[in-house]
Amino acid sequence: SIVCYLEKFPWNVPSECASIAVCSHVLEHINPAKVDARLAGLVDLLLKKKVITDKDRKEYIGEIDLESTFIRFMDEVWRILKVAGEFAINVPYAATIGFYQDPTHINSITEAVFYYFDPFHASNLYKIYRPKPWEIKYCFWDTEAIMEVLLVKRREDPSFTKHIDLSGKGING
């Protein structure tokens, strides 16, 4: 068996080694925030002053990525799945008693969260963060209970990350 800390990246799991990943009541515990840039600066300073080695950083801290930890988590699941692999998710729906009753729930999830991961979703939210691409194959939610989602790993395609202008001023604006 493999044991790893889910918020330390990369996981000690080979790329494209799984056909199915399942997270039941896990995602609501994954920090949605970005890593504090001061932490990245501190780690760089410790490396520069040779207080720690790069081996120490990899072993104890992992990659320092200023991206959202939740997005990085989703990208890591994507990395370990084979193309067309499935990711089954079960979480308490955001703002339900099931979400709020547990003091360790820090990531409230609704169906719209997954729109950011599907480059073909009509919302066009994917292009804001440009995570690894998923297809939303199934999404069920009960606003007073749980949510079940099935994502499928898409192949990466450069066309998914073309620039979009969200300011309304035009590209040269």
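The values are calculated or read from the model by the stated rules, or taken from the named source; none is laboratory data. Predicted model only: the values in this text are computed from it and were never measured. Backbone-built Cβ (ideal geometry, glycine too); neighbour counts: all protein chains shown. Please note that ligands, DNA and RNA were not included when accessible areas were found on the heavy atoms of the full protein model with its side chains. Shrake-Rupley method; radii C 1.70, N 1.55, O 1.52, S 1.80 Å.
Here's the picture: charge each Lys and Arg Cβ at +1 and each Asp and Glu Cβ at -1 in region 11-82, and of L45, W78, P32 the one pushed furthest to the positive end of that dipole is L45.
Once the Cα-Cα distance is subtracted from the 0.36 nm per residue extended length, the R155 to I128 segment shows a gain of 7.9 nm.
Accessible surface for region 89-142, divided over its residues, is 52 Å² per residue with a 1.4 Å probe.
Ranked by the mean number of other Cβ atoms within 10 Å of their residues, highest first, the peptides 96-108, 115-127 fall in the order 115-127, 96-108.
Taking a point 7 Å from the Cα of A112 along the Cα-to-Cβ direction, the residues of region 51-90 with backbone N closer than 18 Å to it are 71. Heavy-atom surface analysis with a 1.4 Å probe gives region 108-150 a carbon and sulfur content of 51 percent of its accessible area. Binning the alpha carbon pair distances of region 50-92 at 10 angstrom intervals from zero yields the distribution 21, 37, 29, 10, 2, expressed in whole percent. In this calculation the C-beta distance from C139 to Q101 is compared with R0 = 22 Å, giving a FRET efficiency of 0.40. The count of lysine pairs in region 38-153 that are at least 8 places apart or cross chains, and whose C-alpha atoms lie under 19 Å apart, stands at 9. Summarising the label geometry, the points placed 7 Å from Cα in the beta-carbon direction at E148 and K48 lie 5.2 nm from one another.
Taking a ≥ b ≥ c as the square roots of the eigenvalues of the Cα gyration tensor, region 2-98 is oblate, since a/c reaches 1.5 or more and a/b is not larger than b/c.
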